[in-house]
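The values are calculated or read from the model by the stated rules, or taken from the named source; none is laboratory data. Since we're looking at a predicted model, the values are computed, not measured. Counting neighbours? That spans all protein chains shown, and the Cβs are built from the backbone with ideal geometry, glycine included.
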Amino acid sequence: MKLETIKTYTLIILVGISFIFTFSLWNYQPKGEHLASDFVSEADFNLGGTERSKKELIAPSSIIFEKYNHFYSFSDPSEKNALYEDIQSWNLFDYRETEADGRPNDNHQVEIIYPLELPMNIVPSLFTVNDGVDEMPSWSFQRVFITYENNRNLTLQFLSIDGRQQVKFTVNNTAKHELIWDYNLNLEGLDEYIEFDGSDNPIYIPQDEVAINEQTLIYQRVEPELMVNALFNNPKEVILNQRGNESFYQDGIRTMAVSENKRMMEYTNPQEPSPDIVTPMELVENSISHLNQYKGWINDYQLESIDTKENKLRYQMHYNNYPVFDMDDLDIIEQQWRDNELFQYKTSLISIARDSYTSELMIESGKDISAILKNSSEIDTGKVLDIRVGYEFIDTSDGNADKLTLKPAWFMNYEGSWRKINVDEITHNKGVS
């Protein structure tokens, strides 16, 4: 065989090997399963929830009517929400910023209490401010007071956290004056509350036993692939890997971990720590806009806390106007941001579908809860930041349906973390000690 012929065959073989190698590279997939096609429609990342606004997500935990040092609030929390929505529509005039000497102390007044500190520049997003206020003060508030100026005007007073500054608005509306005065005078639809003496700020709780429904609910699970389409820039590059009973969705940078029962999701987008200061307002706007993009409000949530040092927000699940608490974090949406990008994200994949069973229960009185906490050697009442009636989240799924039970109970915010007040356990430990 001639040398030229051998060279020709050798070249053909090398070209063939090169083609096979190139083809293999084009078609290589790392270990795992690719999920998506090139095209992602809007329906592919719609979680089936709703869009929400700051006005809806930022709501008070309590509205307290004060009458000669006695305290009252709504028997039905839905009436509290209805009044607050009405207050948000009031036209606020005559802006003035002055020094303050703590909280007002009128014989008749109303106190609106939020679950977290809020920056003053969020006020125009929550209320109807008609004055052309160029810039709100830089301090924050957590309590708003309504007082009576005369027979027709009301004053809304936003008090700074340290009690030294205040912003006042006037409500020039006789009908609204009569509405609030009627509550203060007649106490219709209101229960008496007592003040729990512990932390620096007053905590108000129902004086007597509380009637509240225990709920058994059917729930659905959001498909993880919908979250992939919502959270990853290129879903077609995302690979699914199973590690034990957990599922991990990865694109080489970002990771979304889904629990074995597909009830909880945690997402991480690694980034270098940023020195940039992000304002609470920017955090709230980024977070709400992000969740609205894919209708991520699959249950009823309210903003519960903002950590400006960590650029972190937490939203608390609510049902029938009561907060829901779960020790496995199925009750929250939590986000952390860096450089205006989502860094970490934790949320439940459970979407409540409908009621299955309801029964009314009576739980302990506020007087009993107050006495139990004050007499407990394990509780430092100075570290109790809030006390609320709410629901304990209990999964009661069976072979026929995904179900959960919302069991009424008392809860306290102790040193910044919510925990159930286990009355029997605290009482037992006190008896043993």
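Yes or no, residue by residue, for (1) out of contact with any His (no Cβ under 6 Å at 6 or more places or on another chain); (2) surrounded by 12 or more Cβ atoms within 10 Å (Cβ to Cβ); (3) outside any loop (DSSP other than H, G, I, E, B); (4) modelled with pLDDT under 95:
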site	(1), (2), (3), (4)
Val389	yes, yes, yes, no
Phe393	yes, yes, yes, no
Ser397	yes, yes, no, yes
Asn400	yes, no, no, yes
Lys407	yes, yes, yes, no
Asn429	yes, yes, yes, yes
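Could you list all residues from the range 349-371 that are of a type in the set (A, V, I, L, M) and either under 19 Å from Asp191 (Cα atoms) or over 26 Å from the mean Cα position of the chain (by Cα) (or both)? Before the answer, list the steps.
If we filter the range 349-371 for residues that are of a type in the set (A, V, I, L, M), which is where we start, we get 349-350, 352-353, 361-363, 369, 371.
Of everything in the range 349-371, those that are of a type in the set (A, V, I, L, M) and either under 19 Å from Asp191 (Cα atoms) or over 26 Å from the mean Cα position of the chain (by Cα) (or both) turn out to be Leu361, Met362, Ile363, Ile369, Ala371.
Given the condition in the same structural domain as Met412 (by TED's automatic domain parsing), in contact (Cβ under 8 Å) with a residue 40 or more places away in the chain and closer than 30 Å to Gly49 by Cα, answer yes or no: does some residue in the range 379-387 qualify?
yes
Before we move on, is Val278 in a strand (DSSP E or B), under 25 Å from Leu118 (Cα atoms) and among the β-branched types (Val, Ile, Thr)?
Taking the combined requirement at face value, the residue does not satisfy it.
Any residue at all in the range 90-99 that's within 28 Å of Arg314 (Cβ to Cβ) and either at pLDDT 95 or above or of a type in the set (Lys, Arg) (or both)?
Our first condition is that a residue be within 28 Å of Arg314 (Cβ to Cβ); within the range 90-99, this holds for none.
No, there is no match, as no residue in the range 90-99 is within 28 Å of Arg314 (Cβ to Cβ) and either at pLDDT 95 or above or of a type in the set (Lys, Arg) (or both).
Which of the residues spanning the range 108-137 are modelled with pLDDT of 95 or more and either outside the structural domain of Trp181 (by TED's automatic domain parsing) or among the polar types (S, T, N, Q) (or both)?
Result: Gln109, Asn121, Ser125, Thr128.
Every residue in the range 253-303 that is touching a His at 6+ places or on another chain (Cβ under 8 Å) and free of Cβ contacts under 8 Å to residues at least 60 places away in the same chain, please.
Result: Asp300, single match.
Quick one: is Asp131 in a loop (DSSP other than H, G, I, E, B), within 20 Å of Asn201 (Cβ to Cβ) and not hydroxyl-bearing (Ser, Thr, Tyr)?
no
Restricting to the range 328-361, name every residue that is over 23 Å from Gly48 (Cα atoms) and touching a residue at least 60 places away in the same chain (Cβ under 8 Å).
Asp328, Arg338, Asp339, Asn340, Glu341, Phe343, Tyr357, Thr358, Ser359, Glu360, Leu361
Within the range 154-165, can you find the residues that are more than 16 Å from Val129 (Cα to Cα) and part of a strand (DSSP E or B)? Before the answer, list the steps.
We begin by selecting, within the range 154-165, every residue more than 16 Å from Val129 (Cα to Cα); these are 159-165.
Within the range 154-165, Leu159, Ser160, Gln165 meet the criteria.
Quick check on Ala211: is it in a strand (DSSP E or B) and either loosely packed, with under 15 Cβ neighbours inside 10 Å or of a type in the set (Gly, Ala, Ser) (or both)? Before the answer, list the steps.
Values: in a strand (DSSP E or B): yes; either loosely packed, with under 15 Cβ neighbours inside 10 Å or of a type in the set (Gly, Ala, Ser) (or both): yes.
It is true that Ala211 is in a strand (DSSP E or B) and either loosely packed, with under 15 Cβ neighbours inside 10 Å or of a type in the set (Gly, Ala, Ser) (or both).
Considering only residues that are over 22 Å from Ser417 (Cα atoms) and touching a helix residue (DSSP H, G or I) at 6+ places or on another chain (Cβ under 6 Å), which ones fall in the range 343-379?
none
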